[in-house]
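The values are calculated or read from the model by the stated rules, or taken from the named source; none is laboratory data. Nothing here was measured: the structure is a model prediction, and the numbers come from that model. Positions of Cβ are generated from backbone atoms using ideal geometry, with glycine treated the same way; all protein chains shown enter the neighbour counts. To get the accessible areas, we keep the full protein, side chains included, count just its heavy atoms, and leave off ligands, DNA and RNA. Shrake-Rupley method; radii C 1.70, N 1.55, O 1.52, S 1.80 Å.
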Amino acid sequence: LTYFNRNGFYRYSKLGKCHYVNGHPVSRSSRSPTPITPDPVLVRFPEIRSGECSTACYVNPNARCPSCGAPVFYYQNESGSRVFFDELGPPWLKHPCMDKVASAWSTVEQVRFSAPQARSTNDISLIADWQATHNVDPISIFRSRFGRNPWKLATILKRIKSGASIYLVMKGVDASQQKKVYASCDALPRCCHEGFCVALGRRKLSFFNTSTMMTKKVGIKRFRNAATFIDAMTSSKMSGQE
Ligand SMILES: [Zn+2]
């Protein structure tokens, strides 16, 4: 008999319900095939194995579900409200355990909160390479579930108030095209500060408002490049001073 430890992993039922199986020791007769050395990428990022979570390719899960242990994307506000998501961006899939075991949430330690953050470029490419090699395609899984592509995720790099508008420089999180996106909008909650992660539609931003604890969509105007962005910002400032 040989013994080894199996790492935690996701298990999906036929109905598509997901739960996280914690790592556990396994014994096997020596006739069974030799257990494969754990894949170092999966040891670091167990949440990417199934491809069921497209957000996990780009954003670090910042908490674990206190009920099933699955990595989740977590927000909280000052009054202690909390929410766990399986995906960031529309349709903002809440983690299923939230409804089942509301009482478990009160036992979550009040930790110093930081909103979900994009992974490093290095980790994003590592994950993309692993998924390409193993034919795990989170975008097509998302498409088959929701009938469309997920919104692109982006990090706010700069937030500038000029005239009556707010100007944003954002960076897409895809490893292949971390292009800067220049946009403006009329109003934006304070939680959308530099470093905050948002979902980017063609003419809209979608994000989780940590004051109201609700998802929100805001219309944006996009600019083709930095030059047109700066032009618009400068002229809005001048018209604001008149
Ligand atoms: Zn859970």
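From the residues in region 70-97 that are more than 14 Å from the ligand (Cβ to nearest atom) and open to solvent by 40 Å² or more (accessible area, probe 1.4 Å), which one is farthest from residue 118 (Cα to Cα)?
Ranking the candidates gives 79 first.
Which condition breaks for residue 199 when tested against (1) assigned to a strand (DSSP E or B); (2) out of contact with any strand residue (DSSP E or B) (no Cβ under 8 Å at 6 or more places or on another chain); (3) among the hydrophobic types (A, V, I, L, M, F, W, C)?
Of the numbered conditions (1) assigned to a strand (DSSP E or B); (2) out of contact with any strand residue (DSSP E or B) (no Cβ under 8 Å at 6 or more places or on another chain); (3) among the hydrophobic types (A, V, I, L, M, F, W, C), the odd one out for residue 199 is (2).
Counting just the residues of region 210-242 that are among the aliphatic types (A, V, I, L, M) and in a strand (DSSP E or B), which one comes out least open to solvent (accessible area, probe 1.4 Å)?
Of everything passing the filter in region 210-242, 218 is least open to solvent (accessible area, probe 1.4 Å).
If only one of 141, 156, 166 is of a type in the set (A, V, I, L, M, F, W, C), modelled with pLDDT of 95 or more and more than 30 Å from residue 236 (Cα to Cα), which one is it?
So the residue among 141, 156, 166 that is of a type in the set (A, V, I, L, M, F, W, C), modelled with pLDDT of 95 or more and more than 30 Å from residue 236 (Cα to Cα) is 141.
Table: residues versus (1) open to solvent by 40 Å² or more (accessible area, probe 1.4 Å); (2) modelled with pLDDT of 95 or more; (3) among the charged types (D, E, K, R).
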site: 173; (1), (2), (3): no, no, no
site: 177; (1), (2), (3): yes, no, no
site: 184; (1), (2), (3): no, yes, no
site: 188; (1), (2), (3): no, yes, no
site: 198; (1), (2), (3): no, yes, no
site: 204; (1), (2), (3): yes, yes, yes
site: 208; (1), (2), (3): no, yes, no
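From 232, 187, 183, 164, which residue is touching a residue at least 12 places away in the same chain (Cβ under 8 Å), farther than 23 Å from residue 85 by Cα and touching a Gly at 6+ places or on another chain (Cβ under 7 Å)?
Selected residue: 164, the only one of 232, 187, 183, 164 that is touching a residue at least 12 places away in the same chain (Cβ under 8 Å), farther than 23 Å from residue 85 by Cα and touching a Gly at 6+ places or on another chain (Cβ under 7 Å).
Collect the residues in region 131-170 that are part of a strand (DSSP E or B) and of a type in the set (Gly, Ala, Ser), keeping them in residue-number order.
154, 162, 165
Limited to region 37-69, what total is found for residues that are open to solvent by less than 30 Å² (accessible area, probe 1.4 Å), closer than 25 Å to residue 144 by Cα and small (Gly, Ala, Ser)?
Adding up the residues that qualify gives 3.
I'm trying to understand the selection: among the residues of region 124-149, which are open to solvent by less than 30 Å² (accessible area, probe 1.4 Å) and touching a helix residue (DSSP H, G or I) at 6+ places or on another chain (Cβ under 8 Å)?
Correct list: 124, 127, 130, 131, 136, 138.
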